[in-house]
1. Under a 10 Å cutoff between Cα atoms, tell me which one of B:Arg94, B:Arg212, B:Arg72 has the largest fluctuation in the Gaussian network model of chain B.
2. Using just the Cα positions, wrap the stretch A:201-317 in a convex hull and report its mean projected area in square nanometres, one decimal place.
3. Could you calculate, for the protein assembly as shown, the ratio of the Cα radius of gyration to the Kirkwood radius, expressed as Rg to Rh?
4. Output the pairs from A:Lys200/A:Lys371; A:Lys202/A:Lys433; A:Lys404/A:Lys455; A:Lys140/A:Lys392 with a Cα-Cα distance over 28 Å in this structure; if there are none, say none.
5. Binning at 5 Å from 0, report for chain B what percent of all alpha-carbon pair distances ends up in each bin.
6. Take the eigenvalues of the Cα gyration tensor for the stretch A:263-415, scale each by 5, and report the square roots as semi-axes in whole Å, largest first.
7. By a straight-distance test (C-alpha under 16 Å), which lysines pair with A:Lys367 as possible cross-link partners, with residues fewer than eight away in the same chain excluded?
8. Note down the magnitude of the dipole of the stretch B:86-275 about its Cα centre, charges +1 on Lys and Arg C-beta and -1 on Asp and Glu C-beta and zero elsewhere, to the nearest 20 debye.
Amino acid sequence: MAIFDDPFDAERDIAPACVCGQHRSAAEHEQATLQLRCEPAESEEKRYESVVASAVMRAVFPQDAARRAFLKSVGASTALAVLSQFFPLKMAAEAFADAGTPEKKDLKVGFIPITCATPIIMGAPLGFYARHGLNVDVVKTAGWAVIRDKTINKEYDASHMLAPMPIAISLGLGAQPIPFAVPAIENINGQGITLAIKHKDKRDPRNWKGMKFAIPFDYSMHNYLLRYYLAEHGLDPDTDVQLRAVPPPEMVANLRADNIDGFLAPDNICQRAIYDGVGFLHVLSKEIWDGHPCCSFAASREFIATAPNSFAALTRAIVDATAYASNAENRRQIAEAIAPANYINAPVTVLEQVLTGAYADGLGGIKTDPKRVDFDPFPWQSFAVWMLTQMKRWGQIKGDVDYKTVAEQVYLATDTRKLMHEMGLSPPATVYKSFSVMGRTFDPDKPDDYLAGFKIRKAS
Amino acid sequence: MSASLRLRAAVVSIALFLAFLAVWHLATRSAGPAANMSPEYAKLMGATATQGKSAMPGPLDVGEKLWEHLRRPFYDNGPNDKGLGIQLGYSIARVGLGYLLAVVIAIPLGFLIGMSPLISRALDPFIQILKPISPLAWMPLALYTIKDSGLSAIFVIFICSVWPMLINTAFGVAGVRKEWINVARTLEVGTIRRAFTVILPAAAPTILTGMRISIGIAWLVIVAAEMLVGGTGIGYFVWNEWNNLSIVNVIIAIFLIGLVGMLLDQVLARVTRLVTFPE
């Protein structure tokens, strides 16, 4: 997928060749929708320069045909050189990069020490916040309820939250309703079902009746995915098994102490259980729903209203960090940067296995899956709609839900798309997409039909 | 205590400690390398899985780590990683603030309750209900209303240390011998002067006993409170190392918590001895 809609490319078709108009060919569009992700540019300065250069090129030759003729006659690099003669591209790119002075420079961002928070955490040691003119303290927090309260209390300006949490807070589930918004998703995939070693011959979920599982929080993708997975195998998660909300670090200790049989947890916790020899990986969450969101970057509407430039700069830093993290080559460096006690506080080997996707499975085998965890900032509103269907399915929401209104209010896909365009990335053209979870297709336009298709659900 | 008894007690103490270390060392020895594990796989696994190392660290691991901490007690690697000295400092400061606040409120109120049977009866049901509540149960309420986690921790310290002081002060004040008060009354001493010159010295040992109980409870609670709120303090340190399943550091923190708790208690014990009088 082309990151830039490159005006220096003479071969580029003028008429859009694909459905959405973003890609050069239908094949490229296909590939892009399959991947649905943004690849990072080699360097940020280069990317901003390209954005500015593209804009200037378009301004000089507003006619596509004329621009094409010019490019064909002199070549793209000459065109760029000529252009830079007349126009100080470097200066313009610099001016563009620091658009809008942040109202508040010293910010506090809360995080939970798991690899889902990678972009938020690495923003500090790798300088992504500083590059956008912010001085951010990333503060480690004890649990999801605490991070929620501290963000609501304005001790944190923005936070790492589980993707369904901002929706739950905005709807007032388990808290007073306070409007929150999600400008960026942190990670996709990167979770897993880990079972105690003693269950290594009990791989069929149909035999799991009576087992005890831990999940990190009630309003989490982990909860919904585990329930979904169990229900697809004919188990009612409310009556056939026990689900407990347990803080991630205590999961490994509980697994060792035989208090639980397994958990659907964020990484590095799954890998940590393997590393300590107490569990094995049953399935990656990727095998339940490839490309599912997990954690989000969230802020209150109030913060966005009072400090819009700070918020925009933060979002840019997070999007940049996410793009950097999505490049597999950078993963080792990231693992080392976020392992110290000031950040995740975990052995580097464990983080490397999670981030590079070459990991020990706990049963003596080594597996490789570079997409075990991946990073994609785009906050698809269809993600929010899916979460709402599951909240309703398991009785967290009663009555009718205005899916799309809630999704639009909380998941700022439109704003993020604009911002990503400004940054020279090419975000997807739509805010809803269809996807499939364990072979069941989800159509964001018909959430109620989707919900009606489930046999196992909480009677409302 | 005679010198020889003291010496013998010290010898027994040291012997017990050495025996404890020996048992600990033996119990946590590694069970030898696990069989049939490919070297590539072993590289990805921790020492507990590959070398059959006990999940519980031995005394040598703890000693080594403790030395590392003692050499650099005040380092600061950013908001989430500070030296043990700094963490203990934060905890002591929080306990100090909450505790002082409790002293300022509990002692005058205790005087009032002790001196007036009416107030004593009127406040009794409230005190009886509030006293047994676990201080940590206040935490969510505090976070929600005070909207500041640092202040919430101080509030929790305040609320847990206020009751023993209040009750002991009231008890001590009410228990001052009637003859002394009657003598003061005969000499026409005013209420304020009576409170300061007769009742306060007479009730001081009881009040200080209450204060000594309170500081012990406050120190117990701060660790739990900081584990909940996070950020800084020895409780946060325990939580952060627990997060990394680093039992070595947790043991070190437990040892230091005990040490500081003992010191705080000793300070108040000294002060109590100063105000105690023979009857």
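Derivation of every value follows stated rules applied to the coordinates shown; laboratory data play no part. All of these numbers come straight from a predicted model, not from anything done at the bench. Ideal geometry is used to build each Cβ from the backbone, glycine not excepted, and the neighbour counts take in all protein chains shown.
1. B:Arg72
2. 9.1 nm²
3. On the Cα set of the protein assembly as shown, Rg over Rh gives 1.06.
4. Too far apart for the 28 Å limit: A:Lys202/A:Lys433; A:Lys140/A:Lys392.
5. Computed distribution, short to long bins: 1, 5, 9, 11, 12, 12, 11, 10, 9, 7, 5, 3, 2, 1, 1, 0, 0, 0, 0.
6. Gyration-tensor ellipsoid for the stretch A:263-415: 31, 22, 13 Å.
7. A:Lys286, B:Lys43
8. 620 debye
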